[in-house]
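First up is the structure itself, then whatever we jot down about it.
The values are calculated or read from the model by the stated rules, or taken from the named source; none is laboratory data. Since the model is a prediction, treat every value here as computed from it, not as a measurement. With ideal geometry, Cβ positions are generated from the backbone for all residues, glycine too; neighbour counts draw on all protein chains shown.
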Amino acid sequence: MDAALDKDQDMIRAALALTVLAASVLPATAQVKMTWGAVDTDKGAVLAFGVPEADSSLLSFTCERGNPTVLVSSHVGSKGLKVSDPAKIILSAGKVKKEFSGTAIAGEGSAVDVDAGGKLADIKAVLGGAKVLAVEVKGVKQQIVLDGAPDAFAQFEASCQ
């Protein structure tokens, strides 16, 4: 009976050790929170969903003051696209769905991302359409929360005009 009790205690100690180890590792593996933000530039503005103060985003929009066309840039990668291939970015939120035609570009590492042209009104429509935005490029679909997007877009829009 003592052997069975010792075995149970050893199992409890092992489980406790694993729990402590897992708890200590969690903060190191937690993802950095991405948010919506707009930044003014000399020529216009950039609106992006990414890590603040870092050069890391999943989606960005760039405008030149007075130009009605906005550069829509997807940074989620793709599958089956090669650099310079014709490509599309599809943004959908709720019942609003917009498609932007563009070109596959070299991304980070070996990733192939997409740049496309869009209109300010179309971007405003998808960013105000729901709580979640779906970003689709060939072979990849990524969901992005829209918390904070309308306020960031308002700043972006003002800087684009």
Is one or more of the residues making up the stretch 55-69 of a type outside the set (Phe, Trp, Tyr), touching a His at 6+ places or on another chain (Cβ under 7 Å) and touching a residue at least 40 places away in the same chain (Cβ under 8 Å)?
-> yes
Given (1) more than 19 Å from Asp147 (Cβ to Cβ); (2) more than 18 Å from the chain's Cα centre (by Cα); (3) surrounded by 14 or more Cβ atoms within 10 Å (Cβ to Cβ), number of the condition Ser101 does not satisfy | (3)
Return yes when Ala149 is hydrophobic (A, V, I, L, M, F, W, C) and within 18 Å of Lys95 (Cβ to Cβ) and no when it is not.
-> yes
Given (1) outside any loop (DSSP other than H, G, I, E, B); (2) under 21 Å from Ala45 (Cβ atoms); (3) touching a residue at least 24 places away in the same chain (Cβ under 8 Å), where does Asp147 come up short, assuming only one miss?
-> (1)
State the number of residues belonging to the stretch 104-122 that are assigned to a strand (DSSP E or B), surrounded by 17 or more Cβ atoms within 10 Å (Cβ to Cβ) and among the hydrophobic types (A, V, I, L, M, F, W, C).
-> 5
Please work out if Leu47 is in contact with a Phe, Trp or Tyr (Cβ under 6 Å, 6 or more places away or on another chain) and assigned by TED's automatic domain parsing to the domain that holds Ala104.
-> yes
For Leu81, are the conditions met, namely being under 27 Å from Ala158 (Cβ atoms), at pLDDT 95 or above and either assigned to a strand (DSSP E or B) or not basic (Lys, Arg) (or both)?
-> no
Please go through the stretch 123-139 and pick out each residue that is assigned to a strand (DSSP E or B) and surrounded by fewer than 18 Cβ atoms within 10 Å (Cβ to Cβ).
-> Val132, Ala134
